[in-house]
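For reference, the structure is listed below as structure tokens.
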Amino acid sequence: MPPGITIAADAPELSAANTGFMLICSALVMLMTPGLAFFYGGMVRVKSTLNMLMMSFISLGIVTVLWVLYGFSVAFGTDHGGLLGWDGDHVGLSGLGVNQLWDGYTIPVYVFAVFQLMFAVITPALISGALADRVKFTAWALFVVLWATVVYFPVAHWVWGAGGWAFELGVIDFAGGTAVHINAGAAALGVILVIGKRVGFKKDPMRPHSLPLVMLGAALLWFGWFGFNAGSWLGNDDGVGALMFLNTQVATAAAMLAWLLYEKIRHGACTTLGAASGAVAGLVAITPSGGSCSPLGAIAIGAIAGLLCAMAVGLKFRFGYDDSLDVIGVHLVGGVVGSVLVGFFATGGGQSDATGLFYGDHSLTQLWKQLAGVGAVLAYSLIASAVLALLIDKTLGMRVSEDVEVAGIDQAEHAETAYDFSGAGGGTAPRAAAPAPAADTPQAQAQAQRNKKVDA
Amino acid sequence: MKLITAVVKPHRLDEIKEALQAFGVHGLTVTEASGYGRQRGHTEVYRGAEYTVDLVPKIRIEVLVEDDDAEQLIEVVVKAARTGKIGDGKVWCVPVDTAVRVRTGERGPDAL
């Protein structure tokens, strides 16, 4: 961080309340990544459950280390041209003092860094839902490294870093509608355009193997999202964080109801998957917008997002792209809806005095800013992600072989099976009647070797 | 001896078990199975995609009986399994050469 020149009397002091709150919020956001793993993991077929869980979980490992090494510096270091940050003090988080505050706030830099880290972790994980069943785990791990470096860290700088172009333009993105959800959704589209469909797409029914797991994941996401959203105000010295918290609940509720209503009319049933998906669509849409809209506005934003996402998840079948678990249909569409609706529903009484079309002087100014942010992040992420996927595909290869995919990726890539409910085998009780083998003959030793099932 | 196999709706299991016990059958084997007959499957909806699920859950009940009891037992099973709606299942009967009680080594009808 540059040595900020502030007048002593104005310099914020460390707030224990805000710091404690932000540490808890960071832990809440951390929980979203395993939550997402369950949400996605339940939606795939039994044979690729572990792979789906691991694609999210590995991000906790990879991105955390990258963030310390250089990610925080690129995202939140001193601005260079509005596009990238960089700061020697931030590299390795080594030049930061224990008592140093994040510039202009009442929390230590360490807290800000760890809170933002959790965002950087979950964003690549979001992409994985589109790539179910078919991507080599090493290729995915490499993709996470490259994507975080080339796409997430810079885009986070654009949107939230002081000096980032979108930030300076006045694009409102409270907690990551563009930087997280549009970014991940567009990346998912870019990658699947390169790697193609699952074997049997549109032909074989690919039923979710565990809807309770999906529900559990959605619930953990919902819970963690309060930290994600309310925490993004970085403190509670005013009521904006509370407004965001409230709107998070309100929009999510409205979106779930809208999705279920659409499903009931269109398909005749209110499904569990619809409830879980609708909730996530609402969470996504309120992420950029919840600090600027009213609770009634949150109902509208949630309902619109729930309805549009419910309609959007069918597009993949019409256009023939295999967005396996609807990352585009839910996160890209939900992120666009929420970001664009800021231009209509911003009241001017929340995080800033900027107003949308329905409030204040009824101008389109904020809407244009929102569209600029949405368009730029979408285009950059789509193109950069497709290029990265293409690079990996031409070198390591992105996809597992067709045989492996059909047989189930878990065994080939992880050497494990998700569920073993079979009671057969495994009896180790010594049987008195069994003749004691003569262990000293070569034949007996060879036989014992063949019977040995554990090499440990 | 005869082996009677019934592939029926899972929720009829308790009725069938009670009917068999009342008849005097001492043991049976139940396996969870899936399949379809004339009813074909059913439709499930996942995020707007309607899937035809043609393998529906069934249970497979197997009972060994003495030859003389077979016909009567088939009637008992059919009666207990029937709901009158499509998808009630099938019951069939095949001859069995021998049977052995593992613990004692008894053979034939004594093993039942």
Taking region A:124-141 and keeping only residues that are under 17 Å from the mean Cα position of the chain (by Cα) and assigned to a helix (DSSP H, G or I), one is left with A:P124, A:A125, A:L126, A:I127, A:S128, A:G129, A:A130, A:L131, A:W140, A:A141
Checking A:T49, A:T19, A:T64 in turn, the sole residue that is in a helix (DSSP H, G or I), hydroxyl-bearing (S, T, Y) and buried (at least 24 other Cβ atoms within 10 Å of the Cβ) turns out to be A:T49
Picking from A:Y70, A:Y40, the residue that is surrounded by fewer than 22 Cβ atoms within 10 Å (Cβ to Cβ), among the aromatic types (F, W, Y), on the phi < 0 side of the Ramachandran plot and touching a residue at least 12 places away in the same chain (Cβ under 8 Å) would be A:Y70
Within region A:240-262, the residues that are surrounded by fewer than 24 Cβ atoms within 10 Å (Cβ to Cβ) and β-branched (V, I, T) are A:V240, A:V250
Screening A:D237, A:D173 for residues that are among the acidic types (D, E), touching a residue at least 60 places away in the same chain (Cβ under 8 Å) and crowded, with 22+ Cβ neighbours inside 10 Å leaves only A:D173
- Query: Would region A:263-270 turn up any residue that is crowded, with 19+ Cβ neighbours inside 10 Å and in contact with a Phe, Trp or Tyr (Cβ under 8 Å, 6 or more places away or on another chain)?
  - Reply: no
### Message
Residues that are crowded, with 18+ Cβ neighbours inside 10 Å, within 20 Å of the chain's Cα centre (by Cα) and within 30 Å of A:A275 (Cα to Cα): does region A:96-116 have at least one?
### Response
yes
The helices (runs of 4 or more DSSP H) lying wholly within region A:284-403 that contain at least 2 residues that are under 27 Å from A:L146 (Cβ atoms) and more than 14 Å from chain B (Cβ to nearest Cβ) are A:333-345, A:365-395
Yes/no for A:G348 being over 22 Å from A:H267 (Cβ atoms), buried (at least 24 other Cβ atoms within 10 Å of the Cβ) and either in contact with a strand residue (DSSP E or B) (Cβ under 8 Å, 6 or more places away or on another chain) or small (G, A, S) (or both):
no
Over region B:13-41, the set of residues within 10 Å of the chain's Cα centre (by Cα) and in contact (Cβ under 8 Å) with a residue 60 or more places away in the chain is B:I16
Restricting region A:261-273 to residues that are outside any loop (DSSP other than H, G, I, E, B) and either free of Cβ contacts under 8 Å to residues at least 24 places away in the same chain or out of contact with any Lys or Arg (no Cβ under 7 Å at 6 or more places or on another chain) (or both), the one farthest from the other protein chains (Cβ to nearest Cβ) turns out to be A:L261
Only unsatisfied item for B:E44, checking (1) exposed (fewer than 15 other Cβ atoms within 10 Å of the Cβ); (2) over 13 Å from the mean Cα position of the chain (by Cα); (3) under 27 Å from A:V214 (Cβ atoms); (4) charged (D, E, K, R), is (1)
The residue from B:V53, B:V100 that alone is within 30 Å of A:S277 (Cα to Cα) and in contact with a Lys or Arg (Cβ under 9 Å, 6 or more places away or on another chain) is B:V53
The condition of being over 17 Å from A:L126 (Cβ atoms) and among the β-branched types (V, I, T) holds, among A:V171, A:V145, A:V151, only for A:V171
Filtering region A:198-212 for residues that are away from chain B (no Cβ under 14 Å) and either assigned to a loop (DSSP other than H, G, I, E, B) or touching a Phe, Trp or Tyr at 6+ places or on another chain (Cβ under 7 Å) (or both) leaves a count of 1
Scanning region B:90-112 residue by residue, those within 30 Å of B:G35 (Cα to Cα), surrounded by 15 or more Cβ atoms within 10 Å (Cβ to Cβ) and modelled with pLDDT under 95 turn out to be B:A99, B:L112
(1) within 12 Å of another protein chain (Cβ to nearest Cβ); (2) part of a helix (DSSP H, G or I); (3) over 25 Å from A:G373 (Cα atoms) all hold for A:M256 apart from (1)
Filtering region B:1-56 down to residues that are within 22 Å of B:C93 (Cα to Cα) and of a type in the set (S, T, Y) yields B:T5, B:T29, B:T31, B:S34, B:Y36
- Task: Test B:E62 against the stated conditions and say whether it is touching a residue at least 40 places away in the same chain (Cβ under 8 Å), acidic (D, E) and surrounded by 13 or more Cβ atoms within 10 Å (Cβ to Cβ).
- Result: yes
All conditions in (1) crowded, with 24+ Cβ neighbours inside 10 Å; (2) over 22 Å from the mean Cα position of the chain (by Cα); (3) of a type in the set (G, A, S) are true of A:A300 except (1)
**Prompt:** Quick check: is even one residue across region A:95-107 part of a helix (DSSP H, G or I) and either out of contact with any Leu (no Cβ under 9 Å at 6 or more places or on another chain) or touching a residue at least 60 places away in the same chain (Cβ under 8 Å) (or both)?
**Reply:** no
Filter region B:31-61 for residues that are in a strand (DSSP E or B) and more than 14 Å from chain A (Cβ to nearest Cβ); the one that is farthest from A:R266 (Cα to Cα) is B:I61
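The values are calculated or read from the model by the stated rules, or taken from the named source; none is laboratory data. Everything quoted here is computed from the prediction, not taken from an experiment. Please note: Cβ atoms are built from the backbone with ideal geometry, for glycine as well, and neighbour counts cover all protein chains shown.
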